[in-house]
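Peer 1: Dumping the structure here so I can ask a few things about it.
Please treat every number below as a calculation from the coordinates, not as lab data. Everything quoted here is computed from the prediction, not taken from an experiment. Note: ideal-geometry Cβ built from the backbone for every residue, glycine included; neighbour counts use all protein chains shown.
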Ligand SMILES: Cc1cc2nc3c(=O)[nH]c(=O)nc-3n(C[C@H](O)[C@H](O)[C@H](O)COP(=O)(O)OP(=O)(O)OC[C@H]3O[C@@H](n4cnc5c(N)ncnc54)[C@H](O)[C@@H]3O)c2cc1C
């Protein structure tokens, strides 16, 4: 195996997770080849609401990763001119004000009164008595961020192969030494699986299947008058944010494949909910509504680290992947290149699925 400065690393998958891995690995001196079956950000990253959301209900094994997510994106903004986060803050509330503190808001979130809520979001028709405001949070354009990370990786010498599906692995003894693609074999000291929902199949090929569900969610885009929404609003009726050009983004749960729950039908109902919730929605035109498949480890905790029982394969599967991509990209690159294990990643190890 090569030393830190010339380790050959193949990263499979050019979503935001693989792009962050490629950027951080190349920045540490690895010879990186990023291999993508289709196009950059053509997976779920291209359908993400992309809220850097550090809240979590209940006990959180990855609290330290979530807690570092914002500062890691602030670092990336200084390193990569093309990566821009809209630090708008996020306003969250439910139907039951007593439950406001029960849900896991970040420690820096503050409770706002009705008049403070209206100062932030004057178009709300039904402002609650109280809401939590995470002023430090924001959202990004996940496709643009992925492209910026890949441009950064390329500036450090990484190669990017799109339209190149990984079909299998070459092993020698108990070690993976290359990936097999439609365009031929690529030798590697380390292979990083950042293929989103595709990781399940890749680990099946290695006879070490990881339980990762493809969890659907719906992203909707509308053209709407600008400045309807200033922050990011998450309430029981809608989860919305707006770009400077007026594009309004909404994230919705996927219900089932019944006709009345197709993305276009959900988009119509969501548009009505937005009209009911906000003043000033003179027009709201559907631009697109699509389902994205989120890579969801069955126990909800990211899977990050080397596969057991075989050498040279490092996995990066996680939700929420946009929130975690910056911090995990850095920590994983430190493990792979410097051999510096991170305590923050300890709850994420793949071994947990293979213990008898
Ligand atoms: C509606 C919606 C809203 C969301 N909102 C948020 C949010 O607010 N905050 C948040 O943090 N997350 C959110 N997510 C989740 C987030 O988008 C994902 O966690 C994240 O994009 C996962 O990125 P990824 O790089 O792991 O996967 P992907 O973007 O799917 O990238 C994997 C890539 O691997 C490629 N690939 C697969 N198999 C192979 C192979 N064999 N060979 C080569 N390439 C392969 C695929 O083509 C794909 O491009 C949301 C998702 C949806 C659908």
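Peer 1: Rg over Rh of the range 221-324, using C-alpha atoms and the Kirkwood radius, what does it come to?
Peer 2: We get a ratio of 1.12 for the range 221-324.
Peer 1: Another question, if that's okay. Give me the extension gain from residue 57 to residue 136: residue separation times 0.36 nm, minus the current Cα-Cα distance, reported in nm with one decimal.
Peer 2: Full extension from residue 57 to residue 136 adds 26.6 nm.
Peer 1: Per the helix-only calculation at 222 nm, which mean residue ellipticity applies to the chain, given -39500 (n - 2.57) for every DSSP H run of n ≥ 4 and division by its residues, nearest 500 deg cm²/dmol?
Peer 2: Result for the chain: -7500 deg cm²/dmol, rounded to the nearest 500.
Peer 1: Calculate the length of the line joining the C-alpha centroid of the range 23-39 to that of the range 303-356, in whole Å.
Peer 2: That distance is 16 Å.
Peer 1: Let me ask you something else. Based on C-alpha coordinates, I'd like the Rg and Dmax of the range 34-153, in Å.
Peer 2: Expressed in Å, the Cα Rg and Dmax of the range 34-153 come to 16.8, 51.
Peer 1: Another question, then. Alpha carbons only, please: Rg and Dmax for the range 281-335, in angstrom.
Peer 2: Radius of gyration, then largest Cα-Cα span, for the range 281-335: 17.0, 60 Å.
Peer 1: Which one of 308, 343, 127 has the biggest mean-square fluctuation once the chain is modelled by GNM with Cα springs under 10 Å?
Peer 2: Of the options given, 343 has the highest mean-square fluctuation.
Peer 1: Something else now. Need the C-alpha centroid separation for the range 142-162 versus the range 61-80, integer Å.
Peer 2: Each part's Cα centre sits 19 Å from the other's.
Peer 1: Rank these for me by crowding, 110, 54, 247, going from fewest to most other beta carbons within 10 Å.
Peer 2: Ranked by crowding around the Cβ, least crowded first: 110, 247, 54.
Peer 1: Same structure again: Calculate the spin-label point distance for residue 215 paired with residue 64, positioning each point 7 Å from the Cα along the beta-carbon direction, and give it in nanometres.
Peer 2: Using points 7 Å along Cα→Cβ, the separation is 2.3 nm.
Peer 1: With label points built 7 Å along Cα→Cβ from the Cα atoms of residue 265 and residue 185, find their separation and express it in nm.
Peer 2: 5.1 nm
Peer 1: Once all Cα-Cα distances of the range 126-197 are split into 5 Å bins that start at 0, what whole-number percent is in each one?
Peer 2: 3, 11, 14, 17, 15, 10, 7, 6, 5, 5, 4, 3, 1
Peer 1: Still on this structure, please answer the following. When the Kirkwood hydrodynamic radius is evaluated over all pairs of different C-alpha atoms of the range 193-257, what value in angstrom, to one decimal, is obtained?
Peer 2: Kirkwood hydrodynamic radius for the range 193-257: 14.5 Å.
Peer 1: How high is the FRET efficiency between residue 354 and residue 75 when r is their beta carbon distance and R₀ equals 25 Å, given to the nearest 0.05?
Peer 2: Efficiency for this residue pair is about 0.15.
Peer 1: What Rg and what Dmax come out for the chain when only alpha-carbon atoms are used, in angstroms?
Peer 2: Using the Cα atoms of the chain, the pair Rg, Dmax is 20.9, 67 Å.
Peer 1: Among the DSSP beta bridges whose two residues both lie in the chain, what percent are antiparallel, rounded to the nearest 5?
Peer 2: So the antiparallel bridges amount to about 70 percent of the total.
Peer 1: Find how much the distance from residue 299 to residue 253 grows on full extension, using 0.36 nm per residue of separation minus their present alpha carbon separation; answer in nm with one decimal.
Peer 2: Contour length minus Cα-Cα distance gives 14.6 nm.
Peer 1: Follow-up. Can you tell me the FRET efficiency between residue 110 and residue 285 if r is taken as the Cβ-Cβ distance and R0 is 35 Å, rounded to the nearest 0.05?
Peer 2: For R0 = 35 Å, the calculated efficiency reads 0.50.
Peer 1: Give the calculated FRET efficiency between residue 125 and residue 227 to the nearest 0.05, with a Förster radius of 22 Å applied to their Cβ-Cβ distance.
Peer 2: 0.90
Peer 1: Put a dot 7 Å past each Cα toward the Cβ at residue 172 and residue 159; how far apart are the dots in nm?
Peer 2: Roughly 1.8 nm, to one decimal.
Peer 1: Quick one: angle between helix 263-277 and the longest Cα principal axis of the chain, in degrees between 0 and 90, rounded to 10, please.
Peer 2: Once rounded, one gets 40 degrees.
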